[in-house]
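Okay, so here's the structure we're looking at.
The values are calculated or read from the model by the stated rules, or taken from the named source; none is laboratory data. None of these values were measured; they are calculated from a predicted model. Methodologically, a virtual Cβ is constructed for each residue, glycine included, from the backbone with ideal geometry; neighbour enumeration extends over all protein chains shown.
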Amino acid sequence: MEQSVQHQSHADPVLKLTVTRARKGFRQANGAAVTAIADLTFSVKSGEYVAIVGPTGAGKSVLLDCLLGLKRLDAGNIRIDGCPAETFAREKKGHITRIFQEDRLLPWLSATDNAAFGLQIQCVPELQRREVAAKWLDAVGLSGFKNALPSELSGGMRQRVNIARAFAPEPELVLLDEAFSALDDVTASRLRQDFKKLAQSQATTFLIVTHSIDEAIFLANRILVFGAPARLMAEIPVPPHAWEDRALSDQLKDQVRTLISAGARRN
Amino acid sequence: MLSRTIISITNGRNSVAAEDGTVGESRLTAESVVGESWPDTVELESISAGAQRGLVGRIARVVLPFLVIAAVWETASFFTPPYLFPGLGSVAKSFWAILTTWDLLSQGLVTWSRLLVAVGISLLIGIPVGLAMGLYLDVDEFLRPIVKFIMGVPALNWVIIVIIWFSNTELRIGFVLVVLCTPVVIYCIYDGVRGVDRKLTDMVLSFGASPRQHVRLLMWPYVKASAFTAAKLNVGNSVRTVIVAELVGAPLGIGKELDLAKNVFDMSTVLAWTLFLVLMALIMTHGIELVERSTLRWRGERQGGQ
């Protein structure tokens with residue numbers, strides 16, 4: 001994947017994200033209370049690649065919604081660059097972006113316009129945003145499909161547009177919400193590799209929510225294992241190139257798998 | 001359109017290519033890796049006769065019921081007085097007279113203008129109201145009972161009400177048409193807004209869209225699709241209603257012409273105006289579909305009234 005987009009550096013040694021004693025619950029239609037996030041505390045440094053793994057129902061997606069200011073915590077706080085998450089999301093549009101599990105492209109927009117969507121929200125002039133979006137489409141290998149509608153693209157291509165859309169606003173923090181889980185194994189593997197190359201050329205912080213331990217080991221340099229409801233069970237550092245070392249990778253997988261099982265069993 | 005179609009499937013590389021032929025012939029070539037067991041070249045020639053037979057069959061299926069009705073009608077005209085079942089020739093003559101006589105045609109165009117204006121005004125009122133109802137629960141709860149009530153009032157009752165309320169004929173007709181069409185628009189837009197994919201809404205909000213951007217960038221494209229549906233429904237709706245409104249004292253329009261024809265038992269003219277109205281509705285619907293198709297290309301070929 002060719003990288004041709006220039007970016008400003010956001011990397012600094014300070015904490016990018018801190019989640020402190022966060023709690024979030026819901027009330028179901030039948031009136032029953034459900035806890036999604038239970039006393040969750042962790043932090044992420046600038047430029048880090050942190051994966052969050054955990055059993056289904058661990059409140060991972062709810063946490064991402066809270067990071068984007070779409071949902072409010074019941075207790076505790078989330079700070080990004082020292083600002084409350086809601087304030088950060090409101091005042092710095094496009095500085096946090098999300099790569100969704102499903103592409104969520106707008107079906108009436110071309111690949112370029114979809115990739116430029118975050119910039120359009122930031123009110124970047126049309127010519128400029130289309131230029132930036134086109135560069136990102138080149139970077140994700142979709143040079144020949146800039147005018148294609150989502151319905152004319154394959155699932156993998158649509159996910160590439162989804163990635164271009166997340167990178168185009170030059171975000172400080174990118175949230176991956178099971179970004180590759182809707183794709184077949186071959187496409188997902190290829191896209192993961194392309195994504196990693198692209199991400200490494202950026203000075204951006206990545207928070208990667210995934211069900212795939214392999215993906216976490218491949219993409220992240222630290223894995224946070226969540227229990228259900230969301231609480232931190234363990235932090236596991238991932239040594240560089242661990243995914244290339246079969247024995248180390250298997251050891252990490254066993255460790256994470258055991259923790260996830262323990263987290264799921266408690267509920 | 002095509003006199004000859006050739007489909008050629010060739011064993012070979014993993015690519016698919018298609019090329020258009022010259023006028024009168026279309027050639028499609030497909031190369032596929034799955035073709036190991038395929039012969040080197042398979043040429044299937046679908047000569048236009050087959051396609052033409054299909055087209056003729058489709059036309060026949062559409063036309064046949066009307067031909068049967070016409071035959072029954074024409075037969076009945078031999079045994080009944082012309083004010084009951086006039087001959088088809090007489091109806092065709094009246095229809096031709098409408099198309100070629102400006103005094104008559106202008107009456108049709110007056111009615112047509114009223115329809116267009118009413119459908120347009122109902123869209124102008126209904127789109128913002130439906131949008132507000134779809135987006136805000138308070139507005140929905142306040143307006144929905146009112147819209148439901150208005151939808152429950154029969155067209156004829158509105159005609160009587162406007163005769164008492166207004167002295168101006170155009171205002172009477174316009175009011176009746178708009179009051180009958182607007183709730184349809186409101187409900188279509190309301191449903192369109194509520195039908196927007198929640199995941200897309202989350203995506204738009206994730207990027208920090210303001211409420212205005214949310215409406216403009218996400219809701220509006222869906223609302224447009226619903227507005228076309230509403231416009232098409234209202235063409236039929238207003239064609240059925242406009243004559244009722246015009247019959248009550250309109251000095252111009254098809255309603256007046258029908259009233260005159262009724263007074264002299266001129267059934268062939270009544271039928272000719274009826275055909276004119278149906279034709280008018282079909283043309284308007286087709287026009288809306290054309291705009292819809294070009295505006296909503298992203299929905300695919302089967303959409304947009306296909």
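Quick notes
- Residue tally, condition more than 7 Å from every other protein chain (Cβ to nearest Cβ) and either in a loop (DSSP other than H, G, I, E, B) or among the hydrophobic types (A, V, I, L, M, F, W, C) (or both), over the stretch A:107-131: 11
- Annotation: A:Ser4 fulfils all but one of (1) at pLDDT below 80; (2) closer than 19 Å to A:Phe88 by Cβ; the unmet one is (2).
- The stretch A:59-68, residues that are within 15 Å of A:Gln101 (Cβ to Cβ) and of a type in the set (Gly, Ala, Ser): A:Ser61
- Restricting attention to the stretch A:132-155, the residues being buried (at least 18 other Cβ atoms within 10 Å of the Cβ), in a helix (DSSP H, G or I) and under 20 Å from the mean Cα position of the chain (by Cα) number 4.
- Any pair with Cβ under 8 angstrom, 6 or more apart, that starts in the stretch A:132-153 at a residue that is more than 14 Å from every other protein chain (Cβ to nearest Cβ) and ends at one that is surrounded by fewer than 18 Cβ atoms within 10 Å (Cβ to Cβ) and part of a helix (DSSP H, G or I): A:Leu137/A:Ser143; A:Val140/A:Asp194; A:Gly141/A:Asp194; A:Phe145/A:Glu152
- Per-region count, the stretch B:102-127, residues surrounded by fewer than 16 Cβ atoms within 10 Å (Cβ to Cβ) and small (Gly, Ala, Ser): 3
- The stretch A:176-195, residues that are of a type in the set (D, E, K, R) and farther than 20 Å from A:Leu137 by Cβ: A:Asp177, A:Glu178, A:Asp184, A:Asp185
- Residue in the stretch A:184-191 that is modelled with pLDDT under 90, among the acidic types (Asp, Glu), surrounded by fewer than 18 Cβ atoms within 10 Å (Cβ to Cβ) and assigned to a helix (DSSP H, G or I) present: yes
Residue by residue, here is whether (1) of a type in the set (Gly, Ala, Ser); (2) in contact with a Pro (Cβ under 6 Å, 6 or more places away or on another chain); (3) away from chain A (no Cβ under 14 Å) holds:
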{"site": "B:Lys148", "(1), (2), (3)": "no, no, yes"}
{"site": "B:Pro154", "(1), (2), (3)": "no, no, yes"}
{"site": "B:Ile160", "(1), (2), (3)": "no, no, yes"}
{"site": "B:Leu177", "(1), (2), (3)": "no, no, yes"}
{"site": "B:Cys188", "(1), (2), (3)": "no, no, yes"}
{"site": "B:Gln213", "(1), (2), (3)": "no, no, no"}
{"site": "B:Val223", "(1), (2), (3)": "no, no, no"}
{"site": "B:Ala230", "(1), (2), (3)": "yes, no, yes"}
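- Taking the stretch B:275-297 as the range and being assigned to a helix (DSSP H, G or I), within 14 Å of another protein chain (Cβ to nearest Cβ) and touching a residue at least 60 places away in the same chain (Cβ under 8 Å) as the test, the residues that pass are B:Glu292, B:Thr295.
- The strands (runs of 3 or more DSSP E) located wholly in the stretch A:26-106 that include 2 or more residues which are on the phi < 0 side of the Ramachandran plot, away from chain B (no Cβ under 14 Å) and touching a residue at least 24 places away in the same chain (Cβ under 8 Å) occupy A:33-45, A:49-53, A:75-80.
- Once the stretch A:197-215 is narrowed to residues that are touching a Lys or Arg at 6+ places or on another chain (Cβ under 9 Å) and either at positive phi or in a helix (DSSP H, G or I) (or both), the residue that is surrounded by the most Cβ atoms within 10 Å (Cβ to Cβ) is A:Glu215.
- Extreme residue, nearest to A:Asn114 (Cα to Cα), among residues of the stretch B:209-248 that are charged (D, E, K, R) and in contact with a Gly (Cβ under 8 Å, 6 or more places away or on another chain): B:Lys232
- Restricting the stretch B:50-97 to residues that are over 28 Å from the mean Cα position of the chain (by Cα), in a helix (DSSP H, G or I) and of a type in the set (Ser, Thr, Tyr), the residue that is farthest from B:Leu258 (Cα to Cα) is B:Thr75.
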